[in-house]
Every structure is written in C-alpha cells, then in structure tokens.
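Enquirer: Dumping the structure here so I can ask a few things about it.
The values are calculated or read from the model by the stated rules, or taken from the named source; none is laboratory data. None of the values given here were measured: they were computed from a predicted structure. Note: ideal-geometry Cβ built from the backbone for every residue, glycine included; neighbour counts use all protein chains shown.
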C-alpha cells in the first residue's frame, strides 16, 4: 500500500551563522494529491523582535508577501510550473522558485515528508501552524 504524503520545510531566520542561532518564522508545504502549495507565517514578529534587538522586519515581511503571492500563483495555475518538478524534488522546486540555499539570514531548513493522515489539508495546515508558529501569538 502506498501511503499518501505531503512535504514541508520551515523558513528559518538565522541571526548568526557563526553562533548557529535559528528561529522558525514560516513554513512551506506541498500536498501532491491536492496539487496545493501553502505558505504559513505569523502575523506578528514580536518573538523575533524580543530575541534580537535589530532585525530586518520590513525585509522579512517583504519575503512573506512575495512567497504568499507565488503560492497563490501556483495554486491558481499549477500548469505554469515545470511539470513534475515539484513532485521530483520539493527541495529543488523551493530553491528554484522561492529561495535559493545560500548563507543569507533567511533559509528553508530541513525538508520533511510526512504522512497525509487526512484529506482535510486545512486541518493539517492548522496543526502545522500550531506546532511551529503559534509561539508568535504570545
């Protein structure tokens, strides 16, 4: 039996490469059976602001906006994207279409594949948000 899966990766703010300081500030997910991409992020960045005195908040919010628009574009017309590329390698797709892997402060972290335990992807997205990003609400 082939289990249905989905892919996701955390967007991380790396304040100091030398110290290895990392804070999760977003999440990208792809649901192959639904051909749906999702980008989740917190409305406020207070936790990040409290952790570090100086953060490029406007730049981070700019990335959030661009990523959200790109996800909407993909979901509205997945045929615009190279056929099968996202299914072949989610990581390569994200690095080509969203953010290349380099030494900048914003990076997508480890790419994961998880079991799609329900067809209700809104439920899964809510759980992912609560698990990784709800700390920004406090």
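Enquirer: Can you pull out every residue in the stretch 105-135 that is farther than 21 Å from residue 89 by Cβ, touching a strand residue (DSSP E or B) at 6+ places or on another chain (Cβ under 8 Å) and either modelled with pLDDT under 90 or in a loop (DSSP other than H, G, I, E, B) (or both)?
Expert: 105, 133
Enquirer: Right, another one. Return the total of residues in the stretch 12-29 being at pLDDT below 95 and within 17 Å of the chain's Cα centre (by Cα).
Expert: 8
Enquirer: Separate question: Does the stretch 34-69 hold any residues that are in contact with a strand residue (DSSP E or B) (Cβ under 8 Å, 6 or more places away or on another chain), farther than 13 Å from residue 13 by Cα and surrounded by fewer than 16 Cβ atoms within 10 Å (Cβ to Cβ), and which are they?
Expert: Scanning the stretch 34-69 gives a single hit, 68.
Enquirer: I would also like to ask the following. All but one of (1) without any contact (Cβ under 8 Å) to a residue 24 or more places away in the chain; (2) out of contact with any helix residue (DSSP H, G or I) (no Cβ under 7 Å at 6 or more places or on another chain) hold for residue 118, so report the exception by its number.
Expert: Condition (2) is where residue 118 drops out.
Enquirer: Still on this structure: Here are some residues: 22, 94. Which one is in a strand (DSSP E or B), surrounded by 13 or more Cβ atoms within 10 Å (Cβ to Cβ) and either touching a helix residue (DSSP H, G or I) at 6+ places or on another chain (Cβ under 6 Å) or in contact (Cβ under 8 Å) with a residue 12 or more places away in the chain (or both)? Explain how you work it out, then say what you get.
Expert: On the way: 94 fails: in a strand (DSSP E or B).
Exactly one of 22, 94 is in a strand (DSSP E or B), surrounded by 13 or more Cβ atoms within 10 Å (Cβ to Cβ) and either touching a helix residue (DSSP H, G or I) at 6+ places or on another chain (Cβ under 6 Å) or in contact (Cβ under 8 Å) with a residue 12 or more places away in the chain (or both), namely 22.
Enquirer: Answer with yes or no whether residue 67 is more than 24 Å from residue 119 (Cβ to Cβ), in contact (Cβ under 8 Å) with a residue 12 or more places away in the chain and in a strand (DSSP E or B). It would help to see each step written out before you state the result.
Expert: Working: more than 24 Å from residue 119 (Cβ to Cβ): yes; in contact (Cβ under 8 Å) with a residue 12 or more places away in the chain: yes; in a strand (DSSP E or B): no.
So residue 67 does not fit the description; no.
Enquirer: Another question, then. Could you list, in sequence order, all residues of the stretch 71-91 that are more than 17 Å from the chain's Cα centre (by Cα) and surrounded by 14 or more Cβ atoms within 10 Å (Cβ to Cβ)? Break it down stepwise before answering.
Expert: In the first step, residues of the stretch 71-91 are kept if they are more than 17 Å from the chain's Cα centre (by Cα); the result is 76-85, 88.
The one that is more than 17 Å from the chain's Cα centre (by Cα) and surrounded by 14 or more Cβ atoms within 10 Å (Cβ to Cβ): 81.
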